[in-house]
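Student: One structure coming up, written as structure tokens, with questions to follow.
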Amino acid sequence: MKDYPIQNVKDTRSGFGEGLAELGKENPDVVALCADLIGSLKMNAFQDAYPERFFQVGISEANMMGVAAGLTIGGKIPFTGTFANFSTGRVYDQIRQSIAYSGKNVKICASHAGLTLGEDGATHQILEDLGMMRMLPGMTVINPCDFNQTKAATKAIVKHEGPVYLRFGRPKVPNFTAVDQKFEIGKAWMVSEGTDVSIFATGHLVWKAIEAGKLLAEEGISAEIINIHTIKPLDEKAILDSVRKTKCAVSAEEHMVNGGLGDAVSQVLSRNFPAPQEYVAVNDTFGESGKPEALMTKYGIDTANVINAVKKAIARKS
């Protein structure tokens, strides 16, 4: 099991803010729009440095998506910022009709996703967003795992022509990926090679998978851990190469069991290499107000649940 020491503990939304500020300096076509949540999205640095390229639209998320789509016609590259619930559920029609249908080059950047939003409760803890976005034709869907990877992803998507959904979060989490990493859209990252089970994890669950892998190694179980930071387009080759070796899989995500990474992996396996798969995800329920770690435990997406899923998958294999 490869060791990944924690460099520091940071929130992934700050990785987005830092990456956006650097993009502002590097690319004069980058513009930013926010729906009254500048501080929450860490967009202050961009706003301060490039006020003429920053648009505060207020609590008017649907209008923000329409404005962003319009800005692309003039050659601008708009980055929209608000909570994940407001970036998807509240404005799905505008994204579908004005952005995805016409292939507009809008980068939809969404913070405060999932149960780790914590005390804000079920109304804000969206757990369906990855599924909603990956079902839209032509939409790229990215869910990085830590500060460094979120910053790298933010800078990478500016070079991608077409709509992108970039998801990140509020809580401070272990920052363990390389500062100078090259982020490749659609290219999975091998965290640690193994032989007994393939763990495909995304977002905050990547670190939980690493924790699980260390504990499993103490029991003699060799887990191959792969960071699927890009949900769409999915790295099908990485998934199949791994499962052909291990013969079973676990998917781990801070998302509903329906529609997210687990479903995407299952589709690949069912079409190409049927194998036992277990899901670590929220099982068809809304969240509630509480501490992030406590909620992850209650709703079945913590380290212990990854370990249990691994053991179930291996048992089914044999």
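Student: Once R0 is set to 35 Å, what does the formula 1/(1 + (r/R0)^6) return for the Cβ-Cβ distance between HIS160 and THR123, expressed as a FRET efficiency to the nearest 0.05? Kindly include the intermediate steps, with their values, before the conclusion.
Tutor: Numbers: r = 32 Å, r/R0 = 0.90.
That pair, HIS160 with THR123, gives E of 0.65.
Student: Let me ask you something else. Under a point spin-label approximation (7 Å from Cα along Cα-to-Cβ), what is the GLN56-GLN267 distance to one decimal in nm?
Tutor: Spacing of the two 7 Å Cα→Cβ label points: 4.0 nm.
Student: Further question on the same structure: Could you state the angle between the C-alpha long axis of helix 236-246 and the longest principal axis of the C-alpha atoms of the chain, as a value from 0 to 90 degrees rounded to the nearest 10?
Tutor: 20 degrees
Student: Once you have a ≥ b ≥ c as the square roots of the Cα gyration tensor eigenvalues for the range 189-317, tell me rounded if a/c is under 1.5, and otherwise prolate or oblate according to whether a/b is larger than b/c. Before the final figure, lay out the partial values.
Tutor: On the way: a/c = 1.70, a/b = 1.26, b/c = 1.35.
Oblate shape, in that a/c is at least 1.5 and b/c is the bigger or equal ratio.
Student: Report the one residue of GLY220, ALA110, THR140 whose Cα lies farthest in the direction of the positive end of the charge dipole of the chain (charges on C-beta: Lys and Arg +1, Asp and Glu -1; origin at the Cα centre).
Tutor: Among GLY220, ALA110, THR140, the one farthest towards the positive end of the dipole of the chain is THR140.
Student: Also, I was wondering about something else. May I ask for the equivalent-ellipsoid semi-axes of the range 8-175, computed as the square root of five times each C-alpha gyration tensor eigenvalue and listed largest first in whole Å? Don't skip to the end; give the middle numbers.
Tutor: Values: eigenvalues 87, 71, 43 Å².
Whole-Å semi-axes of the equivalent ellipsoid: 21, 19, 15.
Student: What is the distance, in nm, between label points placed 7 Å from the Cα along the Cα-to-Cβ direction at GLN97 and at LYS298?
Tutor: 3.8 nm
Student: In percent, what relative contact order does the range 189-317 have, based on Cα pairs under 8 Å that are 6 or more apart in sequence?
Tutor: Computed over the range 189-317, the figure is 29 percent.
Student: If each residue's Cβ is checked for other Cβ atoms within 10 Å, how do ARG167, ARG244 rank with the fewest at the top?
Tutor: Values: ARG167 32, ARG244 12.
The order, fewest Cβ neighbours first, is ARG244, ARG167.
Student: Another question, then. Just how many pairs of Lys in the range 1-158 have C-alpha atoms closer than 13 Å, counting pairs that are eight or more places apart or on different chains? Working shown, then result.
Tutor: Numbers: LYS10/LYS42; LYS10/LYS151; LYS25/LYS155; LYS42/LYS151; LYS76/LYS104; LYS76/LYS107; LYS107/LYS155.
Step by step, the pairs that qualify in the range 1-158 add up to 7.
Student: Rounded to the nearest 20 Debye, what is the dipole magnitude of the chain about its Cα centre when Lys and Arg each give +1 and Asp and Glu each give -1 at the C-beta?
Tutor: Values: 34 positive and 36 negative charges, 114 e Å.
Approximately 540 debye in magnitude.
Student: Identify which of ASP146, ASP93, ASP196 has the largest mean-square fluctuation in a Gaussian network model of the chain, with springs joining Cα atoms closer than 10 Å.
Tutor: In this elastic network of the chain, the residue with the biggest mean-square fluctuation among ASP146, ASP93, ASP196 is ASP93.
Student: Tell me the angle of helix 303-317 to the major Cα principal axis of the chain, expressed in degrees between 0 and 90 and rounded to the nearest ten.
Tutor: Helix 303-317 sits roughly 50 degrees off the main axis of the chain.
Student: Among LEU115, LEU295, LEU33, determine the one that fluctuates most according to a GNM of the chain built with springs between C-alpha atoms less than 10 Å apart.
Tutor: LEU295
Student: In addition: Please arrange PHE46, PHE86 by counting, for each residue, the other beta carbons lying within 10 Å of its beta carbon, fewest first.
Tutor: Ordered from fewest to most neighbouring Cβ atoms within 10 Å, PHE46, PHE86 come out as PHE86, PHE46.
Student: ASN258 to GLU219: FRET efficiency via 1/(1 + (r/R0)^6), r the Cβ-Cβ distance, R0 41 Å, to the nearest 0.05? Each step should come with its number before you reach the end.
Tutor: Numbers: r = 31 Å, r/R0 = 0.75.
Efficiency for this residue pair is about 0.85.
Student: Treat the count of other C-beta atoms within 10 Å as a stand-in for reagent exposure and order LYS208, LYS172 from fewest to most. Don't skip to the end; give the middle numbers.
Tutor: Working: LYS208 26, LYS172 15.
With the fewest neighbours first, LYS208, LYS172 line up as LYS172, LYS208.
Student: Here is a further query. Share of antiparallel DSSP beta bridges in the range 189-317, in percent to the nearest 5?
Tutor: Values: 3 of 17 bridges.
Close to 20 percent.
Student: Out of all DSSP beta bridges in the chain, what portion is antiparallel? Express it as a percent rounded to 5.
Tutor: Numbers: 9 of 43 bridges.
Once the DSSP bridges in the chain are tallied, antiparallel ones form about 20 percent.
Student: Of LEU20, LEU216, LEU261, which is the most mobile in a GNM of the chain whose springs link Cα atoms less than 10 angstrom apart?
Tutor: LEU216
Student: Could you give the length gained on full extension between ASP29 and ILE73, defined as 0.36 nm per residue of separation minus the Cα-Cα distance, in nm? Provide the component values of the computation, followed by the final result.
Tutor: Numbers: separation 44, 0.36 × 44 = 15.84 nm, distance 1.18 nm.
Between ASP29 and ILE73, full extension yields an extra 14.7 nm.
Student: Continuing with this model, one more query. In the chain, which longest range has no GluC sites (Glu not before Pro) that are both DSSP loop (not H, G, I, E or B) and surrounded by at most 15 other Cβ atoms within 10 Å? Mind showing how you got there, number by number?
Tutor: On the way: sites that count: GLU161, GLU184, GLU193, GLU219, GLU288.
The longest uninterrupted stretch comes out as 1-160.
FYI, it's all coordinate maths here, none of it is from the lab. Predicted, not measured: the structure shown is a model, and the values here were computed from it. Quick reminder, even Gly has a Cβ in these numbers, built from the backbone with ideal geometry, and neighbours come from all protein chains shown.
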